[in-house]
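Notes follow the structure.
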Amino acid sequence: MANVRPNIVKDASARQKYAKGVNLLKREFTGPTTASLGIPGPSRPVSTYDLFVVWHHTAMSTMTPPTQGDRNAAHRGPVFCPWHRFMLRQLELNLQRVLNDNTFGLPYWDWAVDGQKTAAQQKKSSVWAADAMGGSGSPVKTGPFKFNSADPTSFRVRIEADVNGQLVQRNHGLRRAFGTNVPNLPTKVDTGGVLTLTPYDATPWDVSSSGFRNRVEGWAAPTPPALHNRVHVWVGGDMLPSSSPNDPVFYMNHCNVDRIWEAWLTKHGRSYLPLQSAPAFLKGHRINDQMSSLLSAPMKPADVLDMRSIYVYDSLIV
Amino acid sequence: MPSNGMTISPTAKSIASYVKKNALHVKKAQKAHKHQRTESVREADYKGHHIVITTQYQIEVDGKIVMGHLGVTNDGQVHYHPVPNLSFASAVDLVKQLINIFPDDFVAKGNRKTHHRKMKRTLSGHKHT
């Protein structure tokens with residue numbers, strides 16, 4: 001039977017399990033070290049949670065094809081939706097493992113509900129309560145990921161991208177700056193609008209493309225940064241660099257993006273573009289190309305178009 | 001149907017094994033992004049002509065070179081790989097944001113006077129074939 005992915009503000013149990021699982025993965029070390037991954041400085045173990053940070057950064061740093069500097073192995077092109085679905089599922093499987101709960105479903109944050117509120121109300125949404133994701137700040141001082149300088153086991157950013165795009169070792173509390181870079185979250189008009197768009201993606205398969213993917217990623221209307229991108233930018237702090245999975249809110253955002261994609265697939269059929277017959281310069285984005293992986297076997301976009309036997313959402317009303 | 005890879009529960013052993021297998025790619029991706037100077041190539045076709053515009057950027061802040069990859073899309077928006085969710089109307093706007101986003105990489109200068117070294121932008125190629 002498929003697991004159910006719930007709305008985080010409506011499910012206290014999912015909130016608690018998610019926070020507990022993230023903190024368990026943050027303290028789990030399976031062998032990889034900073035030295036084995038080429039991250040400068042003294043060799044230190046890298047936690048399972050931080051391996052996801054490394055994975056996201058690496059995919060983003062892999063240009064597809066390498067001869068251009070725009071489209072990469074996870075963003076700014078068609079593979080954006082399937083690659084993040086693959087990543088989310090790997091995190092979900094690891095959370096189930098450390099929670100010893102195979103029924104756990106990753107919760108999503110329906111940010112467009114908050115986007116309907118005033119700018120001031122958005123910063124006080126229940127998703128930012130101490131029993132949910134905690135609040136804004138540098139460092140964050142409330143919630144399950146708050147910083148405590150006296151407690152070395154409190155949630156800390158250990159690996160992040162620096163200004164040169166290199167992974168470096170750090171030791172600081174989580175940083176957020178709600179509404180500093182853009183005042184408002186996306187709205188229901190934005191999410192409703194994206195569902196009407198077809199096809200999934202189109203030539204030139206980049207940030208200027210028409211279609212669903214480019215709109216939901218956030219490079220198109222209404223005003224970039226929009227939708228997914230806008231959520232990263234609104235949260236700010238550690239959600240801005242390529243190491244943005246450092247903030248557990250990253251997965252709440254992407255789970256909602258995945259839910260929007262699932263709503264689109266339900267409405268328009270389980271189609272994906274480009275097909276495998278597309279030119280070689282789209283390698284990494286075609287339906288049967290291998291997607292970037294780090295902690296598991298690689299997947300193809302075709303493998304993730306229908307997940308209904310594994311998980312469903314409690315609602316596809318976006 | 002989803003692939004088995006979306007249902008197989010990972011183990012500590014499987015994670016260590018896959019990460020070891022993929023470590024070289026992580027290292028390569030890191031190395032690929034160190035540039036003293038970045039080059040952006042834009043191409044377009046217009047009335048039977050093929051346009052190639054190559055733009056080189058070298059960014060310095062307080063005399064120190066910023067080495068991430070900068071790109072320019074055909075609509076003139078500037079983007080920077082380490083900041084994947086934003087694009088900017090100008091490279092100057094981008095660099096100002098980099099100072100905000102990466103506080104650990106820029107020591108606060110307080111009332112420091114304007115540095116004399118400037119961002120260099122060179123339009124190095126523009127040809128029709």
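Counting just the residues of segment A:1-19 that are farther than 18 Å from A:Arg89 by Cβ and surrounded by 16 or more Cβ atoms within 10 Å (Cβ to Cβ), which one comes out farthest from the chain's Cα centre (by Cα)?
A:Asp11
Would you please list the contacts, defined by Cβ atoms under 7 Å and residues six or more apart or on different chains, that run from a residue in segment A:83-95 that is at positive phi to a residue that is crowded, with 24+ Cβ neighbours inside 10 Å and assigned to a helix (DSSP H, G or I)?
Every condition considered, no pair remains.
Those residues that are over 30 Å from A:Asn3 (Cβ atoms), modelled with pLDDT under 85, facing chain A (nearest Cβ under 7 Å) and out of contact with any strand residue (DSSP E or B) (no Cβ under 7 Å at 6 or more places or on another chain), I need them from segment B:1-54; list them, please.
Within segment B:1-54, B:Ala32, B:His33, B:Lys34 meet the criteria.
Mind telling me which of the residues B:Tyr18, B:Tyr80 ends up being under 16 Å from A:Gln166 (Cα atoms), surrounded by 15 or more Cβ atoms within 10 Å (Cβ to Cβ) and of a type in the set (Phe, Trp, Tyr)?
Matching residue, one of B:Tyr18, B:Tyr80: B:Tyr80.
Just checking, does segment A:23-45 include any residue being within 26 Å of A:Pro225 (Cβ to Cβ) and modelled with pLDDT of 95 or more?
no
Regarding A:Ala263, is this residue more than 13 Å from chain B (Cβ to nearest Cβ), of a type in the set (A, V, I, L, M), surrounded by fewer than 23 Cβ atoms within 10 Å (Cβ to Cβ) and in a helix (DSSP H, G or I)?
So A:Ala263 fits the description; yes.
If you scan segment A:30-45, which residues turn out to be more than 9 Å from chain B (Cβ to nearest Cβ) and buried (at least 17 other Cβ atoms within 10 Å of the Cβ)?
A:Thr34
Which members of segment B:78-92 meet the condition of being of a type in the set (Ser, Thr, Tyr) and more than 12 Å from the chain's Cα centre (by Cα)?
B:Ser90
Any residue at all in segment B:105-114 that is modelled with pLDDT of 90 or more and more than 7 Å from every other protein chain (Cβ to nearest Cβ)?
yes
So for segment A:142-163 (the condition being touching a residue at least 12 places away in the same chain (Cβ under 8 Å), within 12 Å of another protein chain (Cβ to nearest Cβ), crowded, with 22+ Cβ neighbours inside 10 Å and at positive phi), does at least one residue qualify?
Taking every residue of segment A:142-163 in turn, none turns out to be touching a residue at least 12 places away in the same chain (Cβ under 8 Å), within 12 Å of another protein chain (Cβ to nearest Cβ), crowded, with 22+ Cβ neighbours inside 10 Å and at positive phi.
Just to verify a result, which residue in segment A:220-232, among those that are in contact with a Pro (Cβ under 8 Å, 6 or more places away or on another chain) and buried (at least 24 other Cβ atoms within 10 Å of the Cβ), is farthest from the other protein chains (Cβ to nearest Cβ)?
A:Leu227
With respect to A:Asp70, is the statement that it is over 26 Å from B:Pro10 (Cβ atoms) and surrounded by 19 or more Cβ atoms within 10 Å (Cβ to Cβ) true?
The answer is yes for A:Asp70.
The values are calculated or read from the model by the stated rules, or taken from the named source; none is laboratory data. Because the structure is predicted, anything quoted here is derived from the model rather than measured. Note: ideal-geometry Cβ built from the backbone for every residue, glycine included; neighbour counts use all protein chains shown.
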